[in-house]
Amino acid sequence: MPTLATALLDALKDHGATEIFGIPGDFVLPFFKVIEESGSLPYFTLSHEPAVGFAADAASRYHGGIGVAVVTYGAGAFNLVNSIAGAYAERSPVVVIAGAPGARERTSGYLLHHQVRTVDSQLAVFKEVTCAQAVLDDPATASAEIARVLRTALELSLPVYIEFPRDMVDAKVEPVRKLPQRAADPGALAECSEEILDRIARATSPVVVVDVEIRRYGVEKQVGALARKLGLPVVTTFMGRGLLEGDDDVVAGTYLGAAGDPGLSALVEESDLVLMFGVILSDTNFALSTNMTDPRRTVLATGREVQIGHHVYRDLPLADLIAGLDAHATAHPPRPRNAGQGMVYPRKLVADAGAIAPSDIATAINDLFDKHGRMPMTADIGDCLFTAMEIDNTHLAAPGYYAGMGFGVPAGVGVAATGLRPLILVGDGAFQMTGWELGNCRRYGLDPIVVLFNNCSWEMLRVFQPESKFNDLDDWHFADIAKSIGGYGERVTTRAELAAALDAAVARRGQFSLIEVMLPRGVTSHTLARFVTGFKAVRERMAK
């Protein structure tokens, strides 16, 4: 019989984990010892627990399985809460494994270090940001509990929580048996598929809107193939930017409402049938829309539920729905798009001595992709993410809905740990929070390219409240620090320097490259400027 620690590691692999991120601490040291000595999964230790969660989240988004975050009890686990809250909001199946006191410690009569209110306070907190929990305090039930929790993580594409008392690491248990995913009722699936296909046949201008869940549930390519079969144009949401890379024949662009391309917005807003696959109805996706939530013209398939007008099918997984639609559909010729040229991404940067604007960064990166091929990206919240909307459609992980700062750099480290080389977009405010995680790249041979937007400002806050001086930040000269933590840093102030620095970074391997792009305060990307204008107009209308 395996030990509980080895059974858990084997189960993580069986459910799609490919690496572990964590920070050791006393209550989780016995499990970390097994992680290291077993070699079952590669592990990456970072510097602060929020980054552990961000890295596990991004790795999960890229390789399509579960992400794993391992931390100690109390002080470690509570540091992780914010990043797991973000994973919950954005439908990312991260498995939190938190060390915990053993049975004797729990009944010792002492208050334990790292304890907050009660020994179980940590479990109570994580119940708010995870969809299933298990405390592995009984060898007789531990394997079944692991199987239950891991299946739930994959079925709902949400984080789960496993509490691992340190005196249970060597307990003998049965191997964890992977539970089958619960499929849709065949009759309900057939009826739902036929109802949707009938609506498509009767519509004059149907359009597909896709969001992050099509990647979380592994149906990205299937959705692209279905759209081709039915002759339907596809747009991504703001959150879903980067989906369907390579499917340029069906992807018209990214829907941003009033902040986006007018023709593309008309394609969606004037449609008589909007098929939303895996879409999160968040304000970041639809705050600048007019009629996106009208049930008379929408089909919403998200998680395990499909809503067609006012008709709801429950316990119908998204993957089953896409397969059902494909099985019942007959091929249709492509329908004409009314989006003009669709999304036009800026190219051919004028590489002169002029000052750099955020949209110049997008132009320079598009030129870079033309020369060297597209790179996967991560982005933090702020103008760096809005600038990403002006970059060619490539894989992107970003906190588009939860909008928590600090995601970009550790997420990039997480993506690099999967074997890819990412391009990281981050602002100076977010870099102050988690940028120092780049110092862990040297130990693991990771060489991401970081483009740091430095305007010495919380610039996205300034656009909403320009009169406040607390938006001003100091100049930390980040590029100068890169060498001391194992990377190469360069500060650029002109468009010519930016283009040269990007080319050099692609050629430089074996260490991270940090390009600190100096930007003037008050200058934003074109996309953010349009978003702010539209957002303020919507807010004024609502106030009347």
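Remark: Leu12, Leu80 ranked as Leu12, Leu80, counting other beta-carbon atoms within 10 Å and listing the fewest first.
Dividing the summed -39500 (n - 2.57) terms of all DSSP H runs of n ≥ 4 by the residue count of the chain sets its mean residue ellipticity at 222 nm at -11500 deg cm²/dmol.
Taking one equal scatterer on every alpha-carbon of region 95-254, how large is log10 of I(q)/I(0) by Debye at q = 0.10, 0.14, 0.15, 0.19 1/Å? One equal scatterer on each Cα of region 95-254 leads to -0.60, -0.86, -0.91, -1.18.
If you scale each eigenvalue of the Cα gyration tensor by 5 and take the root, what three semi-axes come out for region 140-232, rounded to whole angstrom and sorted largest first? Whole-Å semi-axes of the equivalent ellipsoid: 41, 15, 10. Each of Asp380, Asp261, Asp249, Asp428 was scored by other Cβ atoms within 10 Å of its Cβ. Listed from fewest to most, they are Asp249, Asp261, Asp428, Asp380.
Where both bridge residues fall in region 358-530, DSSP classifies roughly 5% of the beta bridges as antiparallel.
Relative contact order of the chain: what whole-number percent is it, with Cα pairs under 8 angstrom and at least 6 residues apart? Worked out over the chain, it gives 13 percent. Beta bridges assigned by DSSP with both partners in the chain are antiparallel in approximately 15 percent of cases. Neighbour counting of Cβ atoms within 10 Å sorts the residues Cys441, Cys384, fewest neighbours leading, into Cys441, Cys384.
In Å, what Kirkwood hydrodynamic radius results for region 4-168 from the alpha-carbon pair distances?
15.3
Partners of Lys127 within straight-line reach, counting lysines whose Cα lies under 26 Å from its Cα and excluding those fewer than 8 residues away in the same chain: Lys13, Lys178. Our note on the geometry: Cα centres of region 387-465 and region 1-80, 22 Å apart.
Remark: C-alpha extents of the chain on the principal axes read 69, 63, 48 Å, sorted largest to smallest. Taking a ≥ b ≥ c as the square roots of the Cα gyration tensor eigenvalues, region 358-530 comes out rounded, since a/c falls below 1.5.
Computed over region 358-530, relative contact order equals 25 percent, with contacts defined as Cα pairs under 8 Å that lie 6+ residues apart.
Principal semi-axes of the equivalent ellipsoid, √(5λ) from the alpha carbon gyration tensor of region 408-474, are 29, 11, 8 Å from largest down.
Each reported figure results from applying straightforward, stated rules to the coordinates on display, with no laboratory input. Since this is a predicted model, take the numbers as computed values, not measurements. Glycine also receives a Cβ, built like all others from the backbone with ideal geometry; neighbour counts cover every protein chain displayed.
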